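The structure appears below as structure tokens.
The values are calculated or read from the model by the stated rules, or taken from the named source; none is laboratory data. Computed from a prediction, not measured in an experiment: that's the story for all the values here. Positions of Cβ are generated from backbone atoms using ideal geometry, with glycine treated the same way; all protein chains shown enter the neighbour counts. Areas reflect the complete protein model, heavy atoms only, side chains present, ligands, DNA and RNA absent. Shrake-Rupley method; radii C 1.70, N 1.55, O 1.52, S 1.80 Å.
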Amino acid sequence: MLNIGVLVSGGGTNLQKLIDAEQAGEIVNGKLRVVISSRPDAYALERAQKAGIETATLRRKDYDSVESYSQALIDALRERQVDLVVLAGFLTITGDNFVEAFRNKIINVHPALLPSFGGKGYYGLHVHEAALARGVKVTGATVHFVNEVCDGGPIILQKAVAVQEGDTPETLQKRVMEEAEWLLLPKAVSLFCQGKLSVEDGVVHIAE
């Protein structure tokens, strides 16, 4: 059974989907071990506590550098023998030391079909604003491993979502979450915990 650590900063809707999936037996060979928030007032912490999952808060401003903050995260996760790290709306920048400590063991969900609308500045509603401004007809979500390049890690799963006439960033964000993010993230976590994901030359292979 692999231990999963989830990093959060906000409401925790993606975390809730992981909790629901675990309780439904859909995360095979995986257990939510700890939820760590960058903010003490994140509602995600309440979700975790209700589900009986250990929580912790590590604030960036309590550390003098990105590296020292990242090291504190590494220490907290290793202390709890975490095998897989999931970024579920975690908005705090981490250093290369964090990626190195958990190489191909950090999963992030992004609300677009990478490599489109990814990288610095593309988060939350900004992603959907950019997609609508470009006039794309299809968007979606991507679950990927995290590397040193923002939104540039190997892609695990993607799902397309149609853009509809009259969409606003808010309506599009909701549809992408409901139709893609919330389905892909638990699935990718379960595949990892079953040992079905491997990375070769920057490409993820999924075993049958």
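What the table below lists for this structure:
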item: Residue within the range 69-89 that is free of Cβ contacts under 8 Å to residues at least 60 places away in the same chain, open to solvent by 80 Å² or more (accessible area, probe 1.4 Å) and under 22 Å from Ala188 (Cα atoms) present; result: yes
item: Looking only at the range 155-195, and only at residues there that are open to solvent by less than 60 Å² (accessible area, probe 1.4 Å) and among the charged types (D, E, K, R), the one that is nearest to Val136 (Cα to Cα); result: Asp167
item: Residue among Ala112, Ala141 that alone is at pLDDT 95 or above, open to solvent by less than 30 Å² (accessible area, probe 1.4 Å) and in a strand (DSSP E or B); result: Ala141
item: Filtered residue count, the range 115-138, keeping only those that are of a type in the set (Gly, Ala, Ser) and either open to solvent by 40 Å² or more (accessible area, probe 1.4 Å) or touching a strand residue (DSSP E or B) at 6+ places or on another chain (Cβ under 8 Å) (or both); result: 5
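To keep it simple, each residue is scored yes or no on (1) among the hydrophobic types (A, V, I, L, M, F, W, C); (2) in contact with a Lys or Arg (Cβ under 6 Å, 6 or more places away or on another chain); (3) in a helix (DSSP H, G or I); (4) closer than 30 Å to Arg103 by Cβ.
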site: Lys159; (1), (2), (3), (4): no, no, no, yes
site: Asp167; (1), (2), (3), (4): no, no, no, no
site: Leu172; (1), (2), (3), (4): yes, no, yes, no
site: Val176; (1), (2), (3), (4): yes, no, yes, yes
site: Trp182; (1), (2), (3), (4): yes, yes, yes, yes
site: Ser190; (1), (2), (3), (4): no, no, yes, yes
site: Gly195; (1), (2), (3), (4): no, no, no, yes
site: Glu208; (1), (2), (3), (4): no, no, no, yes
